[in-house]
Amino acid sequence: VRFPEDLEDDNTTFNPEYSHQVFGDDEVAFGYKGLKILLYYIAGNLSTFFRIEYTSKVNEKFDCVEADDVESKIREIIPPGFCTNTDDFVSLLEKEVNFKPFGMLLHTYSVHNEEAGEDITYQIYKADMTCPGFREYHERLQTFLMWFIETASFIDVDDERWNYFLVFEKYNKDGATLFATVGYMTVYNYYVYPDKTRPRVSQMLILPPFQGEGHGAQLLETVHRYYMSSPTVLDITAEDPSENYVKLRDFVLVKLCQDLLCFSPVKLMQGFSQEMVTEAQQKLKINKQHTRRVYEILRLRATNMGDAEQSRSYRLDVKRRLIGPYKKKQRELAKMRRCLRPEEMTNQLNQIDLNMQREQLEESFQQLVSDYRRVLERLAQA
């Protein structure tokens, strides 16, 4: 909500992707007709207005069943101090002009908005719990996780090893410049013996109204650049990354790596090398596993897949990496079958498994190439 009229504007509304963490695996609130759970947030400081509407509700006295206590379930997520009536919320909205982003400004960028017909400015800040008011703001901000991250949990904000990176949009209201929350990322700094740290991305969320505009890539690249400048950082990882995050990371890391000398077309065609691992780790804080994916994507760009020899060389190179887990599984199965079955049966079953594994390997390769092509297409448009 930026303006009072936004309260009645369906265009500013977005719905949860998940609700199982609040309402159970069935995602059902029992005992209501026409139930609406309404959560409004002021765009910048995220002050909250919560109310429930319904046309009817079961009555324990007459229906012999009790409706779910929806209000209590929501109260467990949102911090105390929220508004319960429109007038209080609108009066808070009038004070929004005083809200300013927390922490240190790291990056400013703009995105062209077709609907508005102008460039909109965004800023990325790094904050921590020492920033006045940030603890309370973060309590409100993290409530979005429960609706948009499938396995979300709230973090221990008293642990000083957390870093917080925030994206804000700058907008004008009655001649004043205001800020709207776009998204954020939390990063935990793990200790690595003897004198290094390994930042691990824990949570990352761009709010639905801003998704698909490139803010995730801007945020991740900014965070990488922030840690790249630190001599004590070994490399940057992510905790249980989603499929979408992996695709985003591929794009950002390839963008960062493509100008390194070790990834020149000539060197790419010579194969994956220790030089790539060392340079990516030292200059960009990228670990060996991620560097390998960057190499495969950039080598695909440098390969003429219409040339039979180049195409075959690329396919074999990638499949040699992909086949590792299959070979291990094959060795384990062979050991088991020697103990359980006659020798002639073993050979037959091994052959069946090999055929199946070849199919799975080819399928994995084709899927990977398809993902890599999308990264390269996005890179060409960037």
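The values are calculated or read from the model by the stated rules, or taken from the named source; none is laboratory data. Just so it is clear, the structure is predicted and the values come from calculations on it, not from any experiment. All Cβ positions, glycine included, derive from the backbone under ideal geometry; neighbour counts span all protein chains shown. Side chains included, ligands, DNA and RNA excluded: accessible areas come from the protein's heavy atoms. Shrake-Rupley method; radii C 1.70, N 1.55, O 1.52, S 1.80 Å.
Sort 9-20, 256-267 by packing, meaning the average of other beta carbons within 10 Å per residue, with the highest value first.
Working: 9-20: 11.7, 256-267: 15.1.
By packing density, highest mean first, the sequence is 256-267, 9-20.
Where does the chain land at 222 nm, in deg cm²/dmol rounded to the nearest 500, when only DSSP H runs of n ≥ 4 count, each adding -39500 (n - 2.57), divided by all residues? Intermediate results must be reported in sequence, preceding the final value.
Details: 14 runs with 165 residues, N = 382.
Mean residue ellipticity at 222 nm (helix-derived): -13500 deg cm²/dmol.
With a probe of 1.4 Å, find how much accessible area the chain has per residue, and write the answer as a whole number in Å².
Heavy-atom accessible area per residue stands at 56 Å².
Gap in Å between the Cα centre of segment 223-291 and the Cα centre of segment 72-131?
With segment 72-131 and segment 223-291 each reduced to a Cα centre, they are spaced 32 Å.
Give the separation of the Cα centroids, segment 169-218 to segment 1-47, in Å.
Taking the Cα centre of segment 1-47 as reference, the centre of segment 169-218 is 22 Å away.
In percent, what relative contact order does the chain have, based on Cα pairs under 8 Å that are 6 or more apart in sequence? Display every interim value, and only then the final one.
Numbers: 484 pairs, mean separation 38.1, N = 382.
Value for the chain: 10 percent.
Tally up the carbon and sulfur contribution to the accessible surface of the chain as a whole percent, 1.4 Å probe, everything protein left in place. Let's see the in-between values first.
Numbers: 10250 of 21580 Å².
Heavy-atom surface of the chain belonging to carbon and sulfur, 1.4 Å probe: 48 percent.
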